[in-house]
Amino acid sequence: MARFKYRMQSILDVKTKLETQAKQEFSAAKAALDEELDKMEQLKARKAGYEARAEELLHGTLHLQEIQDNKAAILKMDEYIQAQKVQIKRAEKKLEAARIKLTELMQERKMHEKLKEKAFEEFLEEEKKQEGKEVDELTSYTYGQRIQEKAKQESNRGKEEVNG
């Protein structure tokens, strides 16, 4: 039996490598988004800490400078949180772009795998046809040999009868 060789195997290999790279890019984008979300949680926790401190400062002895510093810190945290929201949006867009790219590459790879499967099925069909043809030829040859042997035997009997 002949060996199956897919003529577009190199393309399938390239598609597989591109898909692997896209998976890595997607993973990196997901990690970046997770990191930005963690930063946001840390900023919110810091702001909550400042707000709790503001409540403490308003009770008991009032220290005007500390209250103003605390209020400025809370406002600064609001700025950081707004900036972090922008960073999260960017990370989400990158993740979405990586997901779309990965999906497209997966579809292309699957398409080439289907083509390979179809080519293999065609190869098997051709092999069956070739095998059937060889069996037919062998059968015809064997049948022809039997006829020749019978003809020889009959001609030998005919000679023996003539001679005998």
Exercise. In a helix (DSSP H, G or I) and closer than 30 Å to Leu18 by Cβ: does that describe Ala97?
Worked result: yes
For this session: Just give me the residues in the range 56-74 being exposed (fewer than 12 other Cβ atoms within 10 Å of the Cβ) and either part of a helix (DSSP H, G or I) or among the β-branched types (Val, Ile, Thr) (or both), in sequence order.
Result: Glu56, Leu58, Thr61, Leu64, Gln65, Gln68, Ala72
Exercise. If you check every pair at least six apart or on different chains, which have Cβ atoms under 9 Å apart with a residue in the range 124-139 that is free of Cβ contacts under 8 Å to residues at least 12 places away in the same chain and surrounded by 10 or more Cβ atoms within 10 Å (Cβ to Cβ) first and a residue that is hydrophobic (A, V, I, L, M, F, W, C) and part of a helix (DSSP H, G or I) second?
Worked result: none
Problem set entry | Matching residues in the range 7-31 - criterion: being surrounded by fewer than 18 Cβ atoms within 10 Å (Cβ to Cβ) and farther than 30 Å from Phe123 by Cα | Gln21, Lys23, Gln24, Glu25, Ser27, Ala28, Lys30, Ala31
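Here is a yes/no grid of residues against (1) surrounded by 11 or more Cβ atoms within 10 Å (Cβ to Cβ); (2) closer than 30 Å to Lys39 by Cα:
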residue: Gln84; (1), (2): yes, yes
residue: Leu102; (1), (2): yes, yes
residue: Met111; (1), (2): yes, no
residue: Tyr143; (1), (2): no, no
residue: Glu160; (1), (2): no, no
Seminar exercise, completed: Picking from Lys110, Lys101, Lys116, Lys93, the residue that is out of contact with any Cys (no Cβ under 9 Å at 6 or more places or on another chain) and more than 30 Å from Ser10 (Cβ to Cβ) would be Lys93
Exercise. Is it the case that the range 121-135 has a residue that's hydrophobic (A, V, I, L, M, F, W, C), under 30 Å from Arg7 (Cα atoms), at pLDDT 90 or above and in a helix (DSSP H, G or I)?
Worked result: yes
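The values are calculated or read from the model by the stated rules, or taken from the named source; none is laboratory data. Predicted model, so just to flag it, every value in this text is computed and none were measured. With ideal geometry, Cβ positions are generated from the backbone for all residues, glycine too; neighbour counts draw on all protein chains shown.
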